[in-house]
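Q: Pasting a structure here, questions to come.
The values are calculated or read from the model by the stated rules, or taken from the named source; none is laboratory data. What you are looking at is a predicted structure, and each value in this text was computed from that prediction instead of being measured. Note that each Cβ is placed from the backbone with ideal geometry, even for glycine, and that neighbours are counted across all protein chains shown.
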Ligand code: CMP
């Protein structure tokens with residue numbers, strides 16, 4: 001059975017462009033509730049660790065540099081079938097391929113600066129949520 005939690009980050013392009021509030025509104029309008037939320041900035045070591053699964057990809061260095069370039073908002077979200085439902089709301093990784101009405105279609109500028117991250121599985125949602133939030137914060 002699909003889980004009811006996912007993890008997101010609003011990325012530096014979106015926080016820097018003043019889109020944070022609009023993106024949070026879209027997430028709430030889509031029926032998600034925020035279980036934990038944090039405004040912060042990743043260090044290089046943080047970003048390398050968070051995206052370790054992509055370490056052999058040609059874009060890893062660019063991704064780490066980009067994700068440390070400004071503030072991000074990390075959050076744990078709750079809704080039935082959260083991972084799939086959130087990925088539908090944000091749209092394709094490449095905003096050029098994202099469907100009308102999706103967050104990336106509205107706010108992303110490129111495949112790297114793609115406005116938001118969404119976990120790709122229940123397992124990764126739990127791992128990514130623990131990266132930013134304590135056990136107590138995750139279970140409030
Ligand atoms: P995200 O959902 O955060 O997960 C991995 C990220 O890598 C992805 O969003 C993109 O921002 C980034 N990414 C994926 N493919 C590329 C690419 N070809 N060039 C640059 N960044 C990429």
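Q: Can you name the residue in region 58-84 that is surrounded by 15 or more Cβ atoms within 10 Å (Cβ to Cβ) and within 11 Å of the ligand (Cβ to nearest atom) and is also nearest to residue 139 (Cα to Cα) among such residues?
A: 72
Q: Test residue 31 against the criterion of being on the phi > 0 side of the Ramachandran plot and within 12 Å of the ligand (Cβ to nearest atom), and give yes or no. If you could, list the steps in order and put the result at the bottom.
A: Numbers: on the phi > 0 side of the Ramachandran plot: yes; within 12 Å of the ligand (Cβ to nearest atom): no.
No.
Q: Spot the failing condition for residue 140; the list is (1) in contact with a strand residue (DSSP E or B) (Cβ under 8 Å, 6 or more places away or on another chain); (2) crowded, with 16+ Cβ neighbours inside 10 Å, and only one is missed.
A: Result: residue 140 fails condition (2) only.
Q: While we're here: Select from region 114-133 the residues that are farther than 18 Å from residue 2 by Cα and either at pLDDT below 95 or surrounded by 18 or more Cβ atoms within 10 Å (Cβ to Cβ) (or both) and write down the one among them that is farthest from the chain's Cα centre (by Cα). Walk me through how you get there before you give the answer.
A: Narrowing region 114-133 to residues farther than 18 Å from residue 2 by Cα: 114-117, 130-133.
After this cut, where a residue has to be either at pLDDT below 95 or surrounded by 18 or more Cβ atoms within 10 Å (Cβ to Cβ) (or both) as well, the list is 114-117, 132-133.
On the way: 114: 10, 115: 8, 116: 4, 117: 2, 132: 12, 133: 14 Å.
Once the filter is applied, the top-ranked residue is 133.
Q: Only one of 55, 38, 26 is more than 15 Å from the ligand (Cβ to nearest atom), out of contact with any strand residue (DSSP E or B) (no Cβ under 8 Å at 6 or more places or on another chain) and modelled with pLDDT of 95 or more; which? Full working, then the answer.
A: Numbers: 55 fails: more than 15 Å from the ligand (Cβ to nearest atom); 38 fails: out of contact with any strand residue (DSSP E or B) (no Cβ under 8 Å at 6 or more places or on another chain).
Sole residue among the options that is more than 15 Å from the ligand (Cβ to nearest atom), out of contact with any strand residue (DSSP E or B) (no Cβ under 8 Å at 6 or more places or on another chain) and modelled with pLDDT of 95 or more: 26.
Q: I'd like the residue in region 85-107 that is near the ligand (Cβ under 9 Å from one of its atoms) and assigned to a loop (DSSP other than H, G, I, E, B) and, out of all such residues, is surrounded by the fewest Cβ atoms within 10 Å (Cβ to Cβ).
A: Once the filter is applied, the top-ranked residue is 94.
Q: Pairs needed: first member in region 18-32, touching a residue at least 24 places away in the same chain (Cβ under 8 Å); second member anywhere, in a loop (DSSP other than H, G, I, E, B); C-beta distance under 8 Å; at least 6 residues apart or different chains.
A: 19/115; 23/115; 30/79; 31/79; 32/79
Q: Continuing with the same structure: Only residues that are within 12 Å of the ligand (Cβ to nearest atom) and under 15 Å from the mean Cα position of the chain (by Cα): list them for region 41-52, please. Walk me through how you get there before you give the answer.
A: Just the residues of region 41-52 that are within 12 Å of the ligand (Cβ to nearest atom), to begin with: 42, 47, 50-52.
Listed by number, the residues that qualify are 42, 47, 50, 51.
Q: Testing residue 27 on (1) within 21 Å of residue 112 (Cβ to Cβ); (2) under 14 Å from the mean Cα position of the chain (by Cα); (3) crowded, with 18+ Cβ neighbours inside 10 Å, one condition comes back false. Which one is that?
A: Status for residue 27: all satisfied but (1).
Q: Taking the criterion of being over 16 Å from residue 14 (Cβ atoms) and free of Cβ contacts under 8 Å to residues at least 40 places away in the same chain, would at least one residue in region 104-115 satisfy it?
A: From region 104-115, those over 16 Å from residue 14 (Cβ atoms) are none; that's our starting set.
No: zero hits.
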